[in-house]
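Peer 1: Input: one structure, supplied below.
Any read-out appearing in this document is the output of simple, stated calculations on the displayed coordinates, not a laboratory observation. What you see is a predicted model; the values in this text were computed from it and never measured. Quick reminder, even Gly has a Cβ in these numbers, built from the backbone with ideal geometry, and neighbours come from all protein chains shown.
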Amino acid sequence: MAKDWPLWEVFVRSKGGMSHRHVGSVHAPDAEIALRHARDTYTRRMEGVSLWVVPSASIIASDPSDDAQMFDPAADKVYRHPTFYDIPDGITHI
Amino acid sequence: MPSLPPIRPEDEAAARTLPQGTGAFDAIAELEPGILFNTLLRLGDDSLILGQRLSEWTGHAPSVEVDLSLANMALDLVGQATLFLDAAGEVEGQGRDGDKLAFHRDVLDLTNCLLVEQPNGDFAQTMARQFLFSTWQKLLFERLIGSADGLISAVAEKAVKEVTYHQELSAEWVIRLGDGTEESHRRMASGIDWMWRFVPELFEMDEVTDAAVARGLFTDLTALRPDYDRIVGAVLTEATLKVPTDQRPILGGRRGHHSEHLGHLLCTMQFLPRTYPDAVW
């Protein structure tokens, strides 16, 4: 049966104020049951206070074969990290 | 079709005129000090037997997600049974705890309703049973929060959240299978059909429930029926299923008259602690 069901990605908010994080996926015939399967599969031990399910087919993923052009150019741009900059003495609230 | 002892109302009436305290089904006659004990026992036995039934699915459900859903419900129910039966043992004061009551009573001493002992059948039949039971249990626990007994009230308050989820999940499946394919509709219709004759027992009042209601421990079950019929009717309609015509109700579970299915269930459930009495968790 499960092989006929679409796949849903599951996101759990662990507590109020935190963002939803991807935890895995479930098979389910529709969104409502997907939420319940997500609840029964991923929040049995108080892992969360809120759930999202998203049809896996709706996720647009980057192509692993494009890794080089997508991610390598960032490798030598250390100045994009805030820690690259020295903060002068006397600057507060930063 | 389940084969059940043919108990007609006239048989029941005749049995009630017999001198009390004789025969296998006389436990209720001695109940006066045991109203609370028997009330706890019935609540515990319902959850225990359905929890055991659901756990039979573990490893066999249609998908791993459904497997987890069923096991979660089973664990909720076994948890309720533990609380109710431990409390029953304490009230009884004979040194029996929840485990002793669960594993060392035989069919005649079990007080669960007949619905929960019915076989799993296919997934549709299991969900039909769950829906018909959880809808009732939710209505019951909502009212038992107001019980004069602190433990019944506390367990009901905790368990009503679990049971609300069971009710919703099973209703979703009744709707999906009923309003699904031709085959799923047929299976759900026959699942509801199998279970329907055991519904009236859920609302049966007898000397135990009457006495428990009089003491504020329990609630009038007949008062749950209108809400129950409304909820079940709405779900079955959405599921494109017909509310079955009422058949002759089958009663007796509360007094130890069970279907043959319960003995087989107990064999599996009780084998280990009976064979190895020293075994511990």
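Peer 1: For residue B:203 and residue B:268 in one chain, what is 0.36 nm times their gap in residues minus the Cα-Cα distance, to one decimal in nm?
Peer 2: Fully extending the segment from residue B:203 to residue B:268 adds 20.5 nm.
Peer 1: Highest first, please rank the peptides B:178-184, B:233-239 by the mean number of other Cβ atoms sitting within 10 Å of their residues.
Peer 2: Top to bottom by mean Cβ count within 10 Å: B:233-239, B:178-184.
Peer 1: Same structure, new question: Quick check on the protein assembly as shown: what does the Kirkwood estimate of hydrodynamic radius come out to from the alpha carbon pairs, in Å?
Peer 2: Mean inverse Cα-Cα distance, inverted, gives 23.5 Å.
Peer 1: A further question on this structure: Report, to the nearest 10°, how far helix A:31-42 tilts away from the longest principal axis of the Cα atoms in chain A, using its own Cα long axis and a range of 0 to 90°.
Peer 2: Relative to chain A, helix A:31-42 is tipped by roughly 70 degrees.
Peer 1: Residue by residue through B:172-185, how many Cβ atoms from other chains fall within 10 Å of the Cβ on average?
Peer 2: That works out to 1 on average.
Peer 1: Suppose a student asked you for the relative contact order of chain B, using Cα pairs under 8 Å spaced at least 6 residues apart; what percent would you report?
Peer 2: 24 percent
Peer 1: Something else: Which whole number in µm²/s is D for chain B by Stokes-Einstein, with the Kirkwood Rh taken over Cα pairs at 10 °C and 1.306 mPa s?
Peer 2: It diffuses with D of about 83 µm²/s by this estimate.
Peer 1: What is the set of long-range amide H partners of residue A:21 at a cut-off below 5 Å, with H atoms built 1.01 Å from backbone N?
Peer 2: Residues meeting the amide H criterion: A:12, A:13, A:14.
Peer 1: Could you compute the FRET efficiency for residue B:246 and residue A:7, with r as their C-beta to C-beta distance and R0 at 56 Å, rounded to 0.05?
Peer 2: Between residue B:246 and residue A:7 the formula returns 0.85.
Peer 1: Sticking with this structure for a sec: Considering every residue in B:63-75, what mean count of other chain Cβ atoms within 10 Å of its Cβ is obtained?
Peer 2: Shielding by partners across B:63-75 averages 5.
Peer 1: What is the spread of the Cα atoms of segment B:61-194 along each of their three principal axes, largest first, in whole Å?
Peer 2: Cα spread of segment B:61-194 along its principal axes, largest to smallest: 54, 32, 27 Å.
Peer 1: At 20 Å minimum axial length over the Cα atoms and a Kyte-Doolittle cut of 1.0, report the qualifying DSSP H helices in chain B, or say none.
Peer 2: Within chain B not a single helix satisfies the rule.
Peer 1: Considering the alpha-carbon set of segment B:169-281 alone, what are its Rg and its Dmax in angstrom?
Peer 2: My reading of the Cα-based Rg and Dmax gives 18.5, 52 Å.
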